[in-house]
C-alpha cells in the first residue's frame with residue numbers, strides 16, 4: 001500500500017476543546033521507544049495510536065504541573081534518557097542545543113517547505129529515529145504537535161488532527177515516492193510558520 005492514512009484520531013474528544021495533540025504524540029513515541037528498545041520491533045512499532053482518553057489523561061497531568069515543562073519533561077523523564085539522549089548517530093548539522101536530555105538533534109525551522117522536509121527525512125533522520133514537532137504560529141498562543149517515525153521499512157507520520165499515515169510497507173526504507181508524499185504532507189502544516197523539532201534515536 002502506498003502512502004495512506006491507517007488510523008483516525010479524535011483530537012477534540014477530550015476535556016481541552018483545542019485538542020490533546022501534545023500528549024497524544026508523547027504517548028505514540030513512548031510506545032515506539034518501548035517496542036523498539038525492549039522488544040526489538042522495527043517499523044511496525046509505529047502502528048499504534050493512544051485513545052483520546054489516554055491522551056486526555058496525560059494532558060491533564062501537563063495542566064496540573066506533574067511534568068514541569070510539559071512534553072519536554074515527560075519525554076525526558078519517562079522515555080528517552082537511556083536511549084536517545086546518549087546516542088549521537090544523527091546528522092547534527094545546524095543543530096541547536098535546547099538543554100533537553102532526550103534529544104540527539106534539534107533545531108528551529110520557519111515556514112518549512114516540502115523540499116526542507118524531504119531533505120530532513122533523507123539526510124537528517126536515520127532509520128530508528130523519531131521526531132517530535134512542536135509547531136506554532138507567530139503572534140498566536142495556539143500550537144500543535146506532530147510526530148514522525150522513520151522505521152526500518154517505511155515512514156510514519158502522526159498528525160493528531162487527522163490520524164496516522166504510513167508509507168509503502170513493501171518498498172523498503174524509504175522509497176522516494178513515500179518520502180516525497182510524507183514531505184508534502186508535512187509541508188501542508190504551513191499554517192504553523194515555526195516548528196521546533198527534537199530528534200530521538202529509538203535504539204541504543
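At-a-glance table
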quantity: Residue that is farthest from residue 127 (Cα to Cα), among those in the range 165-190 that are modelled with pLDDT of 75 or more and over 18 Å from the mean Cα position of the chain (by Cα); calculated: 177
quantity: Residue 80 being crowded, with 20+ Cβ neighbours inside 10 Å, at pLDDT below 75 and in a loop (DSSP other than H, G, I, E, B); calculated: yes
quantity: Residue that is more than 22 Å from residue 156 (Cβ to Cβ), in a loop (DSSP other than H, G, I, E, B), modelled with pLDDT under 75 and out of contact with any helix residue (DSSP H, G or I) (no Cβ under 6 Å at 6 or more places or on another chain), where the choices are 99, 90; calculated: 99
quantity: Residue in the range 41-60 that is over 27 Å from residue 184 (Cα atoms), surrounded by 20 or more Cβ atoms within 10 Å (Cβ to Cβ), in contact with a helix residue (DSSP H, G or I) (Cβ under 6 Å, 6 or more places away or on another chain) and at pLDDT below 90 present; calculated: no
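The values are calculated or read from the model by the stated rules, or taken from the named source; none is laboratory data. Nothing here was measured: the structure is a model prediction, and the numbers come from that model. For neighbour counting, all protein chains shown are included, and Cβ atoms are generated from backbone atoms with ideal geometry for every residue, glycine included.
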